[in-house]
Amino acid sequence: MPTFIEFITQLLNGVVVGLLYAIIALGFMIITGVMGVLNFSHGSLFAWGAYLALTLYPIVGFWPALVISPILVGFIGIILELSVRKTYGKDPLYGLLLTFGAAMALEEIIRMIWGSIGRSIPAPDVVRGPIMIGLIGYSKYRLFLAGLAVLLIILTWVLLEKTYYGAIIKAGAADSEMVMALGINLNRLRAFVFALGASFAGIAGIIAAPLWSIKPTMGVEAIMPAFVVVVIGGMGSFWGTVIGGLMVGIVTAVTVMFMPRASLIVMYILMALVLVIRPRGLMGEKSILEK
Amino acid sequence: MKKNISRAILHPTLWVFVFFAVFPFIFPLVGGYTYLAAEVLIWSIYTMGFNILLGYTGLPSFGHGAFFGIGGFVLGNILLRVIDQIWVGILAGTFAGAFFGAIVGLFVAKKRGIYFALLTIAFGQMFWFVAWSWRSVTGGEDGLPGIDRLPVGIPGLFSVDTSNILSFYYFIYFIFVIAVILIWIVVHSPFGKVIQAIRYNEIRVKCIGYNTALYKWTSFVISASFAGLAGTLYALLRYAVFSDVMHWSQSGNVLLIVVLGGGMVNFFGPIVGTMVFLILRDLFSTVTEHWYLIYGLMIMAIVVFIPEGILGFLEKDRGIAMFPKYVINWVRGRKWKS
């Protein structure tokens, strides 16, 4: 049995990873909401964020890379949005397939440029090493990651709930035709939203890089928790997604202590349980995506 | 009477059966080989069954690889550990596909569209993780090798040696014919009409008084059992089962095959899609190691340029593509409807 301190440490790890999942899932959900498209390439964008940071890190250092890399990923997002444009108004199946193809292509380009071997980047000096919280020594970098994630979540909430643009994004998710009729440039809105969601994936990729190893399949590995988090939280619910992310992170971390072999499966069991009790997820409402 | 016979002879499924009967002899002439031909048949069973769900009911499942893999693992475990009878393994694998399809179906039958896709991916991945980590049953990463293709037949009457690839091809062909006839019957039955109606307007069908969730669930189970059946045959073909067929990217391939061939608009779309897909994969993977880049870009191009698929594209009145249609019209002496 793990000691009390190990337990607390692992619980903290769960919270940190859960916040990371929440960031990935939020970006994914913003895109899905407005586009009506399940963005399969979200995981690949996450991987691109990490790989771009890998290249930028030796040139400009960690902090500038943290800013530049998501912007570049945002541009990849805009390119994707341009190709997805053809599928608007058709069966959602086509949007699904298109991003599925894009995910494969993006992952293969990573293999071509950077190779298939796993890499890693070190945490920046300021946040390297452990810090003492009471009796527990905890990784400074993980705390930094958690802080950044919380900051991003708050910023997104402010953007979506308190600003003019947030109102347009949410209106676009509910009834895009009406938004267009009101004289808002829907194409520009969609490009902006896709870029925003993509750069979320990019940031998550970079801050996850010192934690996990960087490899071409990291995208596929990251997108599954994001899907599950969105299902648990409920499609279209901001706080549902955050809570879902934390739940998946904590449950996985606790399972690692007691039953390491089941740790990859436990989030699906959690999902099935939530769906039995609440078929639309914890805080999900009926949305256009069910049509 | 005469009309009935001529209709039976001109029945499109019959043409398909004739084509696949001679396929292993034509295929080598254009650079193919029997193993690939057998693979085409197996994947055709898989995609035809899948199309009941996708093309006819309109539900995009990204998790059918799970049932395909479960079929294979059940067959493998039965042949290796319980009884060395291929039929038992195939039947058990098919039932296992149907059984797990029924369970997952309970969770997803009320959903549609994107939400349906999302749930099926998640459940499919769950099965994949189980297969991947349950080493004692599935062999984990190494898979389950050593499955033998034993002779099949009725004891005392006759038996067919399936270890030869050509005779195994015809063994699959036999199952393929039954499967395609069954699927034809299903989609042209009253049940088939209801699921097609659900695809176009579920709410209206519900208002007429049909239990749409039950219909969707049934459609899901049928397609899952065909996936299980194909999985057992694929295990026999490869002499082994691996969990990689259960991964969601493999499930996505099935979806792509159906759309590529034109399964959304034509009964035979999945077969055309399977042939084109497997042959292209075979060609490109020998030429370049970055096949996935070409593949990914190809998917994007198909979605953008020919979303109705190959058969859908040919069905439109476009120049040379009209020629076979004229011939068929002339032979039948009546307006051709698919």
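The values are calculated or read from the model by the stated rules, or taken from the named source; none is laboratory data. All values derive from a computational prediction rather than experimental measurement. FYI the Cβ positions are ideal-geometry reconstructions off the backbone, even for glycines, and counts take in every protein chain you see.
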Exactly one of A:83, A:44 is polar (S, T, N, Q), farther than 24 Å from residue A:211 by Cα and at pLDDT 85 or above, and that one is A:83
### Task
Report yes if residue A:92 is in contact (Cβ under 8 Å) with a residue 24 or more places away in the chain and within 14 Å of chain B (Cβ to nearest Cβ), otherwise no.
yes
Exactly one of A:169, A:131 is assigned to a helix (DSSP H, G or I) and of a type in the set (Val, Ile, Thr), and that residue is A:169
Across the range A:13-38, the tally of residues that are closer than 25 Å to residue B:60 by Cα and not hydrophobic (A, V, I, L, M, F, W, C) stands at 4
_Just checking, does the range B:67-79 include any residue being assigned to a helix (DSSP H, G or I), surrounded by fewer than 24 Cβ atoms within 10 Å (Cβ to Cβ) and out of contact with any strand residue (DSSP E or B) (no Cβ under 6 Å at 6 or more places or on another chain)?_
yes
Considering the range A:68-107, residues that are surrounded by 21 or more Cβ atoms within 10 Å (Cβ to Cβ) and charged (D, E, K, R), and then whichever is farthest from residue A:36 (Cα to Cα), we arrive at A:107
Only one of A:60, A:73 is more than 26 Å from residue B:307 (Cα to Cα) and in contact (Cβ under 8 Å) with a residue 40 or more places away in the chain, namely A:73
Of the candidates A:243, A:277, A:206, the one satisfying the condition of being farther than 22 Å from residue B:130 by Cβ, buried (at least 24 other Cβ atoms within 10 Å of the Cβ), of a type outside the set (Gly, Ala, Ser) and away from chain B (no Cβ under 11 Å) is A:206
Checklist entry - within 8 Å of chain B (Cβ to nearest Cβ), in a helix (DSSP H, G or I), without any contact (Cβ under 8 Å) to a residue 60 or more places away in the chain and not basic (Lys, Arg) - does that describe any residue in the range A:229-239? => result yes
Just one listed residue, out of B:195, B:183, B:172, is in contact with a Phe, Trp or Tyr (Cβ under 6 Å, 6 or more places away or on another chain) and buried (at least 19 other Cβ atoms within 10 Å of the Cβ), and it is B:195
Checklist entry - Scanning for something hydrophobic (A, V, I, L, M, F, W, C) and over 23 Å from residue B:17 (Cα atoms), does the range B:176-183 turn up at least one residue? => result no
Per the filter on the range B:114-126, residues out of contact with any Phe, Trp or Tyr (no Cβ under 8 Å at 6 or more places or on another chain) and more than 7 Å from chain A (Cβ to nearest Cβ) are B:116
Those residues of the range B:129-152 that are surrounded by 12 or more Cβ atoms within 10 Å (Cβ to Cβ) and closer than 22 Å to residue B:35 by Cα come to a total of 9
Only one of A:159, A:106, A:143 is aliphatic (A, V, I, L, M), within 14 Å of another protein chain (Cβ to nearest Cβ) and under 25 Å from residue A:49 (Cβ atoms), namely A:106
Within the range A:39-56, restricting to residues that are crowded, with 20+ Cβ neighbours inside 10 Å and over 13 Å from the mean Cα position of the chain (by Cα), the one that is nearest to the other protein chains (Cβ to nearest Cβ) is A:51
Just one listed residue, out of B:178, B:203, B:185, is in a helix (DSSP H, G or I) and within 14 Å of chain A (Cβ to nearest Cβ), and it is B:203
When every residue in the range A:181-222 that is of a type in the set (S, T, N, Q) and assigned to a helix (DSSP H, G or I) is compared, the one farthest from residue A:40 (Cα to Cα) is A:187
Of the candidates B:159, B:136, B:219, B:163, the one satisfying the condition of being assigned to a helix (DSSP H, G or I), of a type in the set (Gly, Ala, Ser) and over 30 Å from residue A:94 (Cβ atoms) is B:136
Among (1) over 17 Å from residue B:119 (Cβ atoms); (2) within 14 Å of chain B (Cβ to nearest Cβ), residue A:226 falls short only on (1)
(message) So for the range A:112-121 (the condition being within 14 Å of chain B (Cβ to nearest Cβ), among the aromatic types (Phe, Trp, Tyr) and out of contact with any Cys (no Cβ under 6 Å at 6 or more places or on another chain)), does at least one residue qualify?
(response) yes
Across the range B:104-113, the tally of residues that are within 10 Å of another protein chain (Cβ to nearest Cβ) and surrounded by fewer than 24 Cβ atoms within 10 Å (Cβ to Cβ) stands at 6
ask   = Does residue A:225 fit the bill of being in a loop (DSSP other than H, G, I, E, B) and buried (at least 21 other Cβ atoms within 10 Å of the Cβ)?
value = no
Per the list (1) away from every other protein chain (no Cβ under 14 Å); (2) in contact with a Gly (Cβ under 8 Å, 6 or more places away or on another chain), residue check on residue B:209 breaks on (2)
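Table: residues versus (1) at pLDDT 85 or above; (2) assigned to a helix (DSSP H, G or I); (3) away from chain A (no Cβ under 14 Å).
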position	(1), (2), (3)
B:233	yes, yes, yes
B:237	yes, yes, yes
B:251	yes, yes, no
B:255	yes, yes, no
B:260	yes, yes, no
B:266	no, no, yes
B:270	yes, yes, yes
B:275	yes, yes, yes
Taking the range B:127-160 and keeping residues at the interface with another protein chain (Cβ under 10 Å from one of its Cβ atoms) and in contact (Cβ under 8 Å) with a residue 60 or more places away in the chain leaves B:127, B:128, B:132
So, first residue small (Gly, Ala, Ser) in the range B:268-293, second residue not in a helix (DSSP H, G or I), Cβ within less than 8 Å, six or more apart or across chains; the pairs are B:269/B:262; B:269/B:263; B:273/B:262; B:273/B:263
